[in-house]
Each structure stands twice: as structure tokens, then as C-alpha cells.
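Participant: What follows is a structure written as C-alpha cells; I'll ask about it next.
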Amino acid sequence: MLKTLLLSLLFLIKITSAVSAQESSFKVVFLNPGHAKENSTGSFWPNVNLFMDAAAKDLNIELITLYAERNHIVMKSLATKILAHEPKYIILVNEKGMALNLIKELSPHNIPVFMLLNSFNEQELSLLNKKEQSIIKGSLVPNNYLAGKRLTDGLLNLYYAPSNKEKHLPSPNLLALTGDYSTPAALEREQGLLDAIKTRATINLLDKTAANWSKEQAYNKVKGILHHARIDIIWAANDAMAFGAKKAVMESALSNPVIIGGVNWDIDDIDYPVNLSFGGHVTLGALSLVMLKDIEQNNLPVAQRFKVIDIFESSLHTTFTPFTKYLQLKKINNFNFSRFSQSSTQRLNFTIEGLIQSYQED
């Protein structure tokens with residue numbers, strides 16, 4: 001009799017666990033503004049999805065990704081496709097302000113929206129009515145201002161390195177390659193650059209021009225500027241533009257060295273390596289899913305659902321080598337993303353160091 005009762009109890013526990021697991025699963029549609037594969041704008045957006053796919057697996061989330069392929073006209077038209085999947089949550093990126101129209105189209109359907117990497121500024125929010133604003137349930141944005149500032153300081157520190165003290169270097173001419181004229185990440189990184197330069201009166205900002213995140217456009221612009229001006233430092237808002245700039249510099253056979261840096265921690269272009277990169281924010285899509293899981297389980301207070309996170313690390317930091325090694329080997333599934341959830345009994349802070357700590361070898 002006792003044995004029968006125990007077997008029945010075990011059976012009930014299994015059934016309850018299966019139902020609980022099934023209930024904890026939900027569907028998320030992510031509208032990725034980039035391409036599914038690496039292209040002239042770099043590998044950032046494909047890598048964002050690598051991390052999101054791995055996190056979705058750990059968190060029992062059904063993730064569906066639609067790609068806009070940097071085509072903002074296409075992005076506008078994807079609302080219908082998003083709705084066809086009947087998701088529980090939608091993740092959007094406000095690239096070039098295109099998320100405004102999507103919010104307006106999605107709001108009548110009352111599906112919660114989470115903003116990733118680029119959210120809305122005050123002016124953009126004022127263009128949304130209360131109903132449209134109400135479907136935005138959270139956001140996760142890296143501190144792009146600090147990335148732009150730290151990149152500037154880092155490049156200047158390399159230029160003025162102790163080994164160069166006896167060379168009597170001139171005040172450097174700095175060329176800035178910005179992303180675009182409207183995306184929040186581009187504008188905030190640019191402001192970080194400008195504020196960093198203000199504190200160093202000897203820096204000459206030679207030019208500040210948008211290269212639309214593109215390696216090819218950066219190459220052409222730098223190639224043209226080098227015909228009539230000396231460049232000592234090139235600041236690029238992403239690594240793809242930095243690689244393009246490096247290619248132009250190498251082909252020009254200059255007599256002076258040029259210090260070049262970017263943002264993203266793209267795996268180094270072995271043909272056109274740059275001096276410095278700040279990255280880590282490629283992981284934030286994974287954290288957005290962790291936050292959605294916590295929101296779904298009512299484990300994340302409202303005050304913690306809108307975050308600006310200081311995630312950026314220098315490529316000179318000790319975490320860069322192991323992190324990029326795991327990324328290059330596509331071993332993202334070895335990170336344990338469930339350890340960053342509020343419900344984890346072994347919870348870690350979401351930093352690059354924390355991610356490496358969560359890594360589990362095969």
C-alpha cells in the first residue's frame with residue numbers, strides 16, 4: 001500500500017513539474033534591425049542573436065527573430081509579421097527612430113514591448129500617446145556615452161604612451177567616424193567623444209563624419225581625407241568602421257603611425273587590426289530575455305525594468321581574450337544565463353566577468 005502511494009506521489013510530482021515547465025515557456029519575437037550574417041556593418045547583430053538564442057534555451061523561452069537587414073522601409077512593414085506569430089512579448093530596437101511607427105501599429109494589440117540597446121528619448125516619447133507608451137514594459141540600454149568617452153581617453157592614452165614621450169609628438173589630429181545622425185547609440189557615443197575632447201585643449205578635431213556603421217564607407221571617407229590632411233587618431237563608433245579606416249591607412253603608406261579604435265568587440269579583422277575596442281553590449285539581448293523571464297514571473301520590480309547598464313570593457317582588459325575566444329568558437333551555449341535571473345539561488349551580476357564565471361566547459 002505504502003509503495004503504491006509513493007509511486008502515485010512520484011507520478012504526480014512529474015506531471016506537476018511538466019505542467020509547470022510548460023507554463024513557464026512563452027514566445028518572444030525579436031525584430032533585429034541588422035542582418036542574419038556578417039556584412040559590411042560588422043558581426044554585431046548576428047552575434048546579438050547568438051547570445052539571445054543561447055539565453056532563450058536556458059530560460060525555456062521560444063524566441064523568434066525577424067531581420068530588417070538595415071532596411072528601415074522593411075522594418076516599418078514587419079508589424080504584420082510580428083503579430084502573425086502571436087508572441088507574449090516583443091523586443092524592438094529603436095534604430096533611426098523606426099520603432100515609433102511600430103509601437104503605433106502594435107499598441108492596439110496590447111502586446112508588451114521591451115526596448116533593447118536603443119530606446120526612446122524624451123522627444124520621441126512625447127510623440128506617443130498614453131496607450132502607446134503603456135505597452136512599453138521595460139528597456140535595456142548600454143551606457144553609450146561612457147563608451148564614446150572611454151574610447152577617446154583610451155586612444156589618447158595610447159597616443160601619449162610613455163614610449164612616445166621622447167618623440168615630441170605634435171598635438172594630434174583626430175578624425176571621428178560616427179554611426180549615423182539619429183540612432184541614440186550613435187548620438188550618445190558622439191557626445192562622449194566631444195565631452196572627452198573638451199577636457200584636452202590640445203586635441204584638434206579634424207573632422208566628424210557619419211559613415212553609417214559601414215566598413216566600406218569608412219574606408220572611402222578616410223582614403224579621401226588622407227589626400228589632404230594628416231591624421232593621428234581615428235575614433236570610430238563601431239569596429240566595422242575602424243577596420244575600414246585601418247585598411248585605408250595601410251594602403252596609404254603614411255610616414256606617421258595612426259592610432260585607431262572602435263566599439264563592439266567584433267572579432268578582430270586579422271587583415272586590418274585596430275589598437276583598441278570597447279565592447280560587451282553584444283550580450284544585452286540575452287539579458288533582455290532574463291529580464292522578461294523575471295517580469296513574467298513577477299520577480300522584477302517595476303523600478304528595475306528600465307535599465308541603463310555600464311557593460312563596456314576595453315579590449316585591453318583581461319576579460320577580452322577569453323570572451324572573444326568563446327565567441328569565435330561559437331560556444332555561447334556554455335554560458336549559464338539562468339544564473340542572472342532573480343530566481344537563481346546562485347545569482348551573478350550581469351557583467352562580462354560574471355558571464356565568464358558562469359561559463360561551463362563541455
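The values are calculated or read from the model by the stated rules, or taken from the named source; none is laboratory data. What you see is a predicted model, and the numbers here were worked out from it, not measured in a lab. Methodologically, a virtual Cβ is constructed for each residue, glycine included, from the backbone with ideal geometry; neighbour enumeration extends over all protein chains shown. We work out accessible area using only protein heavy atoms, side chains counted, and drop any ligands, DNA or RNA first. Shrake-Rupley method; radii C 1.70, N 1.55, O 1.52, S 1.80 Å.
Participant: Net charge within 11 Å of PHE44 by Cβ-Cβ distance, Lys/Arg positive one each and Asp/Glu negative one each, not counting PHE44 itself? Don't jump to the answer; show the numbers that get you there.
Facilitator: Working: positive: none; negative: GLU38, ASP239, ASP266.
Around PHE44, the charge tally is -3.
Participant: Right, here's the next one. Just the ratio, please: alpha-carbon radius of gyration of the chain over 2.2 N^0.38 Å, N its number of residues. Write down the numbers at each step before the final one.
Facilitator: Details: Rg = 22.9 Å, N = 362, 2.2 N^0.38 = 20.6 Å.
Compactness ratio reported: 1.11.
Participant: May I ask you to give the average projected area over all directions of the convex hull of the Cα atoms of the stretch 190-331, in nm² rounded to one decimal? Display every interim value, and only then the final one.
Facilitator: Working: hull surface 45.1 nm².
Approximately 11.3 nm², given one-decimal rounding.
Participant: Any idea of the accessible area per residue across the stretch 125-237, 1.4 Å probe, to the nearest Å²?
Facilitator: Numbers: 5210 Å² over 113 residues.
It amounts to 46 Å² per residue over the stretch 125-237.
Participant: What are the residues whose amide H is under 5 Å from the amide H of PHE26, where those residues sit 5 or more places off or on another chain and H is modelled from the backbone?
Facilitator: Sorted by chain and number, the residues that satisfy this are GLU62.
Participant: Can you tell me the mean projection area, over all orientations, of the convex hull of the stretch 61-204's alpha carbons? Units nm², please. Kindly include the intermediate steps, with their values, before the conclusion.
Facilitator: Numbers: hull surface 45.2 nm².
One quarter of the hull surface, i.e. the mean projection, equals 11.3 nm².
Participant: How much solvent-accessible surface does SER338 expose, in Å² to the nearest 10, with a 1.4 Å probe and all protein chains in place?
Facilitator: Taking all protein chains as shown, SER338 has close to 40 Å².
Participant: Taking all pairs of different Cα atoms in the stretch 52-131, averaging 1/r and flipping that mean, what Kirkwood radius in angstroms comes out? Please report the intermediate quantities before stating the final value.
Facilitator: Details: mean 1/r = 0.0738 Å⁻¹.
Evaluated on the stretch 52-131, it is 13.6 Å.
Participant: Moving on to the next point. In what order, largest first, do LYS208, LYS37 sit by accessible area if the probe radius is 1.4 Å?
Facilitator: Ranked from most to least accessible, the order is LYS37, LYS208.
Participant: Rounded to the nearest 5, what % of the DSSP beta bridges within the chain are antiparallel ones? Mind dumping the intermediate values first?
Facilitator: Details: 3 of 40 bridges.
Restricted to the chain, the bridges split so that about 10 percent are antiparallel.
Participant: Can you give the net charge of the other residues whose Cβ lies under 9 Å from the Cβ of GLY279, counting K and R as +1 and D and E as -1?
Facilitator: Neighbour charge sum, excluding GLY279 itself: -3.
Participant: By how many degrees, between 0 and 90 and to the nearest 10, does the Cα long axis of helix 284-296 differ from the longest principal axis of the chain?
Facilitator: 30 degrees
Participant: Where does each of ARG339, ARG150 land when they are ordered by accessible area, with a 1.4 Å probe and the largest first?
Facilitator: On the way: ARG339 50, ARG150 75 Å².
Largest accessible area first, the list is ARG150, ARG339.
Participant: Turning to a different aspect of this structure: Once each part is reduced to its C-alpha centroid, what is the distance from the stretch 318-349 to the stretch 279-298 in angstrom?
Facilitator: Between the Cα centres of the stretch 318-349 and the stretch 279-298 lies a distance of 13 Å.
Participant: Please grab the % of Cα pairs in the stretch 285-333 that end up more than 14 Å from each other. List each step's numbers first, then the result.
Facilitator: Details: 778 of 1176 pairs.
Counting pairs separated by more than 14 Å, the tail of P(r) holds 66 percent.
Participant: Hey, another quick one. If you line up the long axis of helix 2-24 against the longest principal axis of the chain, both from Cα atoms, how many degrees apart are they, to the nearest 10?
Facilitator: Tilt relative to the chain: about 40 degrees.
Participant: Still on this structure: Near the amide H of VAL263, under 5 Å away, which other amide H atoms are found, from residues 5 or more places off or on another chain, if H is placed in the peptide plane?
Facilitator: ASN238, ASP239, PHE278
Participant: In the stretch 99-139, what trypsin sites (Lys or Arg not before Pro) fall in a loop by DSSP, with at most 15 other Cβ atoms inside 10 Å? Mind showing how you got there, number by number?
Facilitator: Values: sites: LYS104, LYS130, LYS131, LYS137; in loops: none.
Filter output for the stretch 99-139: empty list.
Participant: Moving to a separate point now. Leaving ligands, DNA and RNA out of it, report the carbon-plus-sulfur percent of the accessible area of the chain at a 1.4 Å probe. Intermediate values should be presented prior to the final figure.
Facilitator: Details: 8970 of 16990 Å².
C and S atoms contribute 53 percent here.
Participant: Once both axes come from the Cα atoms, what is the angle between helix 44-59 and the longest principal axis of the chain, in degrees from 0 to 90, rounded to 10?
Facilitator: Approximately 20 degrees, to the nearest 10.
Participant: Let me ask you something else. Go through LYS215/LYS325; LYS215/LYS330; LYS104/LYS137; LYS81/LYS325; LYS27/LYS104; LYS104/LYS208 and tell me which ones have a Cα-Cα distance over 25 Å in this structure. Before the final figure, lay out the partial values.
Facilitator: Working: LYS215/LYS325 23 Å; LYS215/LYS330 23 Å; LYS104/LYS137 15 Å; LYS81/LYS325 35 Å; LYS27/LYS104 21 Å; LYS104/LYS208 34 Å.
As for pairs spanning more than 25 Å Cα to Cα, those are LYS81/LYS325; LYS104/LYS208.
Participant: At a 1.4 Å probe radius, which order do GLU188, GLU122, GLU353 fall into by accessible area, largest first? It would help to have the intermediate numbers written out before the result.
Facilitator: Working: GLU188 70, GLU122 150, GLU353 125 Å².
Largest accessible area first, the list is GLU122, GLU353, GLU188.
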